[in-house]
Amino acid sequence: MRTFLLALLMLPLPVSAQRPADSDGRKAVSLSNDKIDLTVLLNGGTLARLVLSGDPERISPLATMGHFLCLDGFGAPSSEEMAAGMPFHGEASKQLWKVTSSPSSGKLRSLRISALLPLAQENISRTLEIVDGENVIYVESELENLVAVDRPVSWAEHATIGPPFLEKGKLVVDMPGARCRVRAEKPHALPNRLVFLRDFTWPMAPAVDGGQADLRSVPEQNYLDLASCQMDPKRTLGFVTALHLGKHLLFGYVFRRAEYPWVMSWMNYTGNARAARGMEFSTQPFDVSRRETVEANPMFGTPTFRWLPAKSKIRSRFLLFYARAPEGLTKVDDITLAGGVLTIEDCAAGKRITLPVSLPL
């Protein structure tokens with residue numbers, strides 16, 4: 001079996017899935033079509049770079065850390081877990097993932113990667129798919145529990161945008177947020193502008209100066225804040241988007257609210273190349289230990305963890321998109337998926353984007 005797998009990994013991949021090395025010499029795989037090009041690092045299984053085909057600037061919305069998977073852990077482990085070797089944000093982003101296959105059929109191209117999480121005793125696999133003519137990447141994950149114990153999973157899609165896409169006065173973030181809470185203090189050199197552990201309704205958060213801060217925009221000053229919002233419980237699908245108003249570029253995610261009921265905003269506004277805005281959709285509200293996460297259940301009537309049954313598998317699915325936005329679109333009020341079309345609307349401006357979506361979510 002081992003010989004077979006080694007032989008499989010030595011087979012030539014399609015042009016859209018060749019293995020270039022990134023600037024640091026790490027192993028990478030490209031998945032592309034006539035619209036977009038995604039680079040995936042096998043070191044950590046990270047979605048590292050996304051560009052529009054034909055874009056002379058080759059601007060990627062993703063930060064230098066990219067979009068990585070926090071599993072099985074989101075934030076700092078407990079003291080006991082740390083002593084046992086469990087790293088910050090879990091093991092998934094620390095493993096070297098393997099390409100298990102890269103099938104293509106007609107207009108569809110796929111990439112399947114997997115990793116063993118030895119401390120958590122879990123297997124994680126991802127299937128990424130792209131279809132010619134679409135500005136969409138489809139991502140399906142399967143997590144397998146290798147032990148005979150039900151466990152609460154800590155799972156976050158650490159989607160992170162950064163410069164030059166992240167630009168003061170030019171970027172807005174939207175989501176169907178409902179009730180939200182500012183995270184407890186997290187030691188850092190930057191000041192905070194939000195009041196710790198204060199509840200609010202998206203997007204206006206309580207500020208330390210007595211006013212309110214609009215979390216949709218990037219402030220002129222440098223701050224570090226974290227806040228988590230439940231996705232509107234009335235919705236089936238959640239979403240989070242980032243719109244660059246100057247370059248008219250729109251990047252975003254659509255996911256099932258039942259699988260990812262929370263979006264945490266990590267607002268690491270350093271004012272330099274290390275600036276980042278996390279759009280982290282997850283099973284739990286905050287990047288804290290599993291113990292704290294379970295003790296917080298439920299929050300605002302919404303679960304703060306997901307069960308992974310003994311010797312069983314669970315799945316999740318989301319899509320990400322990257323496209324040009326029409327002149328006059330200044331925000332995203334709603335995203336719907338019906339009849340093979342993803343419709344993105346700015347209701348006040350009467351503007352919309354429609355993207356073909358041929359695979360189900």
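The values are calculated or read from the model by the stated rules, or taken from the named source; none is laboratory data. As the structure is a computational prediction, the values presented were derived from the model and not from experiment. Please note: Cβ atoms are built from the backbone with ideal geometry, for glycine as well, and neighbour counts cover all protein chains shown. Accessible surface areas use protein heavy atoms only, side chains included; no ligands, DNA or RNA. Shrake-Rupley method; radii C 1.70, N 1.55, O 1.52, S 1.80 Å.
Qualifying trypsin sites (Lys or Arg not before Pro) in the range 195-260, where qualification requires a DSSP coil assignment and no more than 10 other C-beta atoms within 10 Å, comprise 234. Plugging the Kirkwood radius over Cα pairs into Stokes-Einstein for the chain, at a temperature of 10 °C and a viscosity of 1.306 mPa s, what D comes out in µm²/s? The calculation lands on 76 µm²/s. Within the accessible area of the range 101-198, the carbon and sulfur atoms contribute 51%, probe 1.4 Å, all protein chains present.
Relative to the 2.2 N^0.38 Å rule of thumb, the range 97-250 has a C-alpha radius of gyration ratio of 1.32. Computed about the Cα centre, the dipole magnitude for the chain is approximately 480 debye when only Lys and Arg (+1) and Asp and Glu (-1) carry charge, each at its Cβ. Summed over the residues of the chain and divided among them, the accessible surface reaches 43 Å² per residue at a probe radius of 1.4 Å. Taking GluC sites (Glu not before Pro) as exposed when DSSP calls them loop and at most 15 other C-beta atoms lie within 10 angstrom, the chain has its longest site-free stretch at 58-166. The lysines whose alpha-carbon is closer than 29 Å to the alpha-carbon of residue 351, local same-chain residues fewer than 8 away aside, are 35, 168, 170, 234, 247, 331. Principal axis extents of the C-alpha atoms in the range 189-259 (largest first, rounded to whole Å): 36, 32, 22. Summed over qualifying helices (DSSP H, 4 residues or more, each -39500 (n - 2.57)) and divided by its residue number, the chain shows a 222 nm mean residue ellipticity of -1500 deg cm²/dmol.
For the range 218-255 versus the range 36-89, the spacing of their alpha-carbon centroids is 17 Å. Ranking 318, 205, 260 by how far each Cα lies toward the positive end of the dipole of the chain (charges on Cβ) leaves 318 at the top. Size of the range 214-349 from its Cα atoms: along the principal axes, largest to smallest, the extents are 50, 43, 25 Å. Taking 4.7 Å between C-beta atoms as the pairing limit, the chain has these partnerless cysteines: 70, 347.
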